[in-house]
Each structure stands twice: as structure tokens, then as C-alpha cells.
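Trainee: Please find one structure pasted underneath; my questions will follow.
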Amino acid sequence: MDFAAAKVRVEELRDIIRYNAKLYYEDDAPVMEDHEYDRLFRELQDLEAAFPELDSPTSPTKRVGGRALDMFEKVAHTVSLGSLTDVFSYDELYDFIKKTDDALGHNATYSVEPKIDGLSVALTYRDGQFVLGATRGDGTVGENVTENLRTVRSIPLQLKEPLPYLVVRGEVYMPRATFAAINEARAAEGAALFANPRNAAAGSLRQLDPKVAASRRLEIFIFNLQEGSLYADGRACKTHEESLDRLRELGFTILPHRRTLTGYEAVAEHIRTLGDMRSELSFDMDGGVVKLNDLSERRIVGEGTGVPKWAVAYKYPPEEKQTKLFSVDLQVGRTGVLTPIANLSPVHLAGTTVSRATLHNASYIEKLGILIGDTVVVRKAGEIIPEIVRSVPELRDGTEYPFVMPTLCPSCGHPVVRDDSGDGTAIRCVSVTCPAQRARRIVHYASKGAMNIDGLGPQMVDLLLGAGKISDITDLYRLRVEDLIDLDRMGQKSAENLVRAIERSKEAGLERLLYAFGIRQVGEVAAEQIARRFGTLEALFDADIEDFSHMDDIGAITANYLFEFFHDESTRELCDTLTAFGVRTDAVKAYTGQSLVGLTFVLTGTLPTMTRDEASERIKAAGGKVSGSVSKKTSYVVAGTEAGSKLTKAQQLGVPVIDEAALLGML
């Protein structure tokens, strides 16, 4: 095929694919069989590869992702992507509307819309073509994620009119059905599950490989015009409602369930209606946004410090529902602790079906007075973790009975012991051969904060143990591709990826290895402090209790756990075997700085130029420590935009609060 014929065919294919994609994804009324659509799509890809000069940034093939990126460049927003003031009660909502109406001298009209729980982005168009997509970042500077955003099918790559310049703001999200399907697939592969749709969307949008982002099937709702004219003659919109209607005409997917209302009662009623709809929606929402509809009135009301005075976000309290607790299972953790898990009559809560919830320990059950057979109130803390809030004793019928912790481990039958060293009374199995602990120790060893072996999740570990491929963590380093390909759901590529991930873990270093060992009361922060102090694994074998207890933030109990671990003959055998396999046992980070020695920092909010992980690394490299909570021992709180409760606590305790610039000065 010559160039002229290819050009005609490429345009023809693009029109056919765009039309059928709209029918499939937007109208839910497909007319073309999937195999035919796929055939035409591949034909277009082949032609674009054969004739690179016909490639176009608006081609439908961009939806599947282009080349992988090395990193994300920073993007300065031309119009700030600000945040909103949160209100948590209808009294606060009433105060906002009254204050705004009083400032304007009349009952204003408000746009009331769902607050999507996703990731905020800005989309830039020039001459009708999508040219730039950036994350919110700190509101002033974000990250260029254009190639990943091209894979979001509800983002038009070309507007229906070639407007010279346009910037819109939207919320990228992962539909609940997509989230469930992806987690199901990850579970089958033995990979770590995503915590919730928002985290899944955020992680997907920051993938360096756009093909990975494309596979996550993200969507977007547009909720604001940032700048640019929506009309060819330059005429400006007068209201927020008009701007959104016009954006819909141009091909954008606008926030659903939006109402334009006047007066507190009407606004509050729609907020309640949105709240009642939450469990039935295809996406997660955590509140309702109320903003002045008239754009000129927004200018009159003005802006506050970092937030507009003309809008607020009403945040819903955690959803609670009643259900029956019909039995309790026991889960044996990697340290041997027996955790009671409540089995519940399934209840739809915050967009998902909940049938299990943790009961923590015997003390927790006793404190709440929970009986098996009780009607209980369950909620999702932070929209993620199901928890039982309380029982409802008045609904008992006399058939309920108390739960009694066992005297034998349900996994291995070994006698359990009582442990009062932590929060509440723990019942612990101390058998070193307990199979439940063995599986969870391996899962922990492979987890992201530890050796970070991608693809080695709970199901994969159970599969390997059940097939006799491994019996402990050292066996991981004996695995070869040929050992894996005969396993269920394990093909050649999956086997190669897993073996490659295990091989990479050898370079994790002492910091991660110490955490991976699962030593009691030694988390990621403590593991890094220990690695900094001792430098090598051999130095830890030579240390005594005093060496450990003299470290900051290592108490007598933790020091004893460390001493016992490193003076156990089985630990020496384990470490000798890991060393023989080439696992690195020295600290990989250079702890050379001294400028922040003796100082403890807490990070909160979004920093202008660094992620919190990057800031943490620089603080630690300079000799400082990073904590996850504020206390009187905290030296400084580093606050960015959208700083939350940690900032409030710092102010209450009188802890100095600094910004990123001050931190960089100290560094």
C-alpha cells in the first residue's frame, strides 16, 4: 500500500473506531462484534507503524498507551488547582450559606454536586487537541501525566470544536466494578490487592508505562473550567452551570447528579439525597460540593488563604449499618498472634459488600460486650477497613453466647500463651513450626515495605507451599522458572517475572531485610534506624542488649526482642543461607549527613517540589528521623497544602511548624 492509500485508510479506520468506541463506552449500545473491532484496531496500529508520518496524538491507538517514561516532569499550573474548605455538619453548611447570602445581599444560587473520591487533574487543549495533562500536586506545581491520561477513554483527545485554548479540571477515578475485577485478578496472581479505588486510580495514573495505566481502565468527570473561552467569539460564560453544559457539548463527561439550587433547605436536601445514593453509584464519593453558581458573585465573595470563600465540601461521616454476627474465626498472624475475625451477614456498606470484620483481640470483644449472635453496628473506617462499632443488646433474643479464646492454636494445635506486652491482651502461638505463621512470614518477607517481591502475595505463597515448592523464605531463592510453570495459573511469562522479582530482592539491603524478618515491634522506621546504627548484619550478631537499648526510640522490650532474635541459632542459620544465596546484608543507603542529627520530623500535606517519600529520604540521609505521628518529642512538623490533623495537633502541642523551603534550608 502506498502512502496516499494508507493515509485514506488510516482516516477511515480512525472514524470507524471512534464511532464504535462511542457506542460501546458512552452509549452502552455497541453494534460491532469485539473481534471485528479488534481486527480494525490492529490494522490501524500496523499502518501507523508502517507510516510514522501518519501518526497523530489524537489517534484512538493512543488509548492503549505509548512508550514507557523515565520519569514525570514538573508542570506549573497556569491557574491554581486549589482545595476546598471542609464542613462536617449541617450547622456548618448552614453557616456557610448564610454568610455567603448575607455578603451578596440576597439568596444566591448554588451548584450542588458529588465530591468524587479520585485524583484531581488539569487538562489543556490547544486548537481543540489535548496537549497536556497534569496532576494537582500542591495546587501550583503538578506532574506531567499526559501519556497516561490519553488512555482514559472518557477524555476527548480532540474537541468537537477547534477552540484555540482551553484548560479544564476533573477528577480521575476507577469505577467500582473495575476495581473489583482488577483486585480479583491480582488475587489470582498472588499480587498485593489495592486498598480502595482512589489509591488504585492514583497509583495507575503515576505508572511510568502508559500501557499499565491503560489496562486499569480509568475514567474522569470534569467539574470546572479553569481558563480559556468556551465560545468561538470569545464570549464568556456567566454561570458555572452554563460552563459545564458547554463543556458537555464539546465532548467532556460532566459530573452527574448535579443540581442548581437556592436556599439552605434545598441545598441540604440534595446533599442528603447524594448521601443516600452512595451505595448505588458506580464510583466512590466522600461528600458533596456546594459552590456559588454565578461567576461574578464568586469574584465578589472572593478568596481566603489558599481556599475560595464561595465554596465548601460537605464530608459525609462513615456509613454505619446493622447486621448479624453469626460466628467468629481465628486468624494466626506471622508473629503467632491469634486475631478473632467476625463473620457477618453480608451488608452493603460504602459501595462494597462487607461480610467480615476484625475484632482485634479478647480485650476488644470484652470491652464492647459482643456476643456471638448479636446484632452489631459495622462501619468502614476511612472507607476502607470494616470494623464493628458496637453491639445492639436490646435486640437480643437469648440465643446469643460469649466467644471464648482457645487454649490451642487452630493452625497447629500447639498450646497458646497470654501476652500482655502490647495494647490489650494478645493470645499467641509460639510454635516455630506453625504452618499459618510460616505462610504469613513469607508473605511479609515479600511485601512492598520489606523485600518487595512483586507477584508473591498470599495466594501465590499458599500455592507454592501447597505444591511443596517452598517451606521457608530461603527456598524462594532456589526457585527456577521450570519449577513454577506447571503450577495452576502460572504461565511462562508469569514464572519468569516472579523469578526475576525474587532475584531483584537480593539487593534490597539491610534496612528492608531487618523489617522483612518480622522481628516483634520492629517496623520500617525502626529497621532503618537499626541499619543506620549497625551498618551490617554481622554487627547485629555481635550486639548485646545494652547496644540495642541505647538507641533512640528502642525501648527495653524491643531491645530484648532484638537480642533474642540475633542470639537464636536458627537466625544464624537463616542469615548464613541468605548470604550464600547473595542476599545483601549491609545498609544500602549512605547515612553521611549530620545537619539533622537528633531531630525528629513529621510530614503532612502535599509539598511543592518533593513527595513525602523524597523528603523523608533526604531527612534521614542528613541524620534526622521521620515519624508518622506528632508528639511532644517531635522537633518540627513540615506542612504542605491540605495539611490535616497532624498540623492541628502540632499547633495544640506547640510543636514548630515549617514549610518545605525551611526544611531545604536546614538540609
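Bear in mind that the values in this text are calculations on the coordinates, not laboratory data. What you see is a predicted model; the values in this text were computed from it and never measured. Cβ atoms come from the backbone with ideal geometry, glycine included; neighbour counts cover every protein chain shown.
Trainee: How much length is gained if the chain between Leu408 and Arg356 is pulled fully straight, taking 0.36 nm per residue apart and subtracting their Cα-Cα distance, in nm to one decimal?
Mentor: 16.4 nm
Trainee: If you build the convex hull over the alpha carbons only and average its shadow over all orientations, what do you get for region 156-257? Give it in nm² to one decimal.
Mentor: 7.8 nm²
Trainee: Also, I was wondering about something else. Please compute the alpha carbon radius of gyration of region 510-580, then divide it by the globular-protein estimate 2.2 N^0.38 Å. Two decimals is fine. Before the final figure, lay out the partial values.
Mentor: Numbers: Rg = 11.0 Å, N = 71, 2.2 N^0.38 = 11.1 Å.
Relative to the 2.2 N^0.38 Å estimate, region 510-580 comes out at 0.99.
Trainee: Within 10 Å, count the other beta carbons around each residue, average over each peptide in 234-246, 290-302, 162-174, and list them highest first.
Mentor: Listed from highest to lowest mean packing, they are 162-174, 290-302, 234-246.
Trainee: Quick check on the exposure proxy: order Ile545, Ile473 from fewest to most C-beta atoms within 10 angstrom.
Mentor: Lowest count first: Ile545, Ile473.
Trainee: Shifting gears a bit: Under unit Cβ charges (Lys, Arg +1; Asp, Glu -1), what dipole magnitude, rounded to 20 debye, does region 480-567 have relative to its Cα centre? Can you show the working numbers first?
Mentor: Working: 10 positive and 18 negative charges, 82 e Å.
It comes to approximately 400 debye.
Trainee: Considering all alpha-carbon pairs of region 600-666, what whole percent are spaced by more than 20 angstrom? Walk me through the intermediate numbers first.
Mentor: On the way: 358 of 2211 pairs.
When all Cα pairs of region 600-666 are counted, 16 percent exceed 20 Å.
Trainee: One-quarter of the Cα convex hull surface for region 320-413, in nm²?
Mentor: Seen from a random direction, the Cα hull of region 320-413 projects 6.6 nm² on average.
Trainee: List the equivalent ellipsoid semi-axes of the chain in whole Å, largest first, each obtained as the square root of 5λ for an eigenvalue λ of the Cα gyration tensor. Please list the in-between numbers first.
Mentor: Values: eigenvalues 414, 222, 160 Å².
Equivalent ellipsoid semi-axes, largest first: 45, 33, 28 Å.
Trainee: Right, something else. What net charge is computed for the residues neighbouring Met610, neighbours being all others with C-beta under 13 Å from the C-beta of Met610, Lys and Arg scored +1, Asp and Glu -1?
Mentor: Once positives and negatives cancel, what remains is -4.
Trainee: Right, next: About the Cα centre, and with charges only on the beta carbon of Lys, Arg (+1) and Asp, Glu (-1), how big is the dipole of the chain? Nearest 20 debye, please. All intermediate terms of the calculation are to be shown ahead of the outcome.
Mentor: Working: 78 positive and 97 negative charges, 97 e Å.
It works out to roughly 460 debye.
Trainee: Now a separate question. Report, in degrees rounded to the nearest 10, the 0 to 90 angle that the Cα long axis of helix 556-566 makes with the longest principal axis of the chain.
Mentor: 80 degrees
Trainee: Give me the number: length gained by fully extending Met1 to Val525, i.e. 0.36 nm times residue separation minus the C-alpha to C-alpha distance, one decimal in nm. Can you show the working numbers first?
Mentor: Values: separation 524, 0.36 × 524 = 188.64 nm, distance 6.18 nm.
Working it through step by step, the gained length comes to 182.5 nm.
Trainee: Strictly under 4.7 angstrom between C-beta atoms: which cysteines of the chain have no such partner?
Mentor: By the Cβ distance rule, which asks for a partner under 4.7 Å, the isolated cysteines are Cys237, Cys575.
Trainee: Rounded to two decimals, what is Rg over Rh for region 85-315 when you use alpha-carbon atoms and the Kirkwood radius?
Mentor: Over the Cα atoms of region 85-315, Rg/Rh equals 0.98.
Trainee: Enumerate the aspartates and glutamates that Lys620 could reach by cross-link, defined here as Cα to Cα under 12 Å, with residues fewer than 8 away along the same chain left out.
Mentor: Glu528
Trainee: Near Lys448, which lysines are there with a Cα under 16 Å away, not counting those fewer than 8 places off in the same chain?
Mentor: Within the straight-line limit of under 16 Å, Lys448 reaches these lysines: Lys506.
Trainee: To the nearest 0.05, what FRET efficiency results for His106 and Asp233 with a Förster distance of 30 Å applied to their C-beta separation?
Mentor: 0.45
Trainee: Over 24 Å between Cα atoms: which of Lys160/Lys211; Lys74/Lys649; Lys74/Lys632; Lys291/Lys315 fall into that group?
Mentor: Correct reply: Lys160/Lys211; Lys74/Lys649; Lys74/Lys632.
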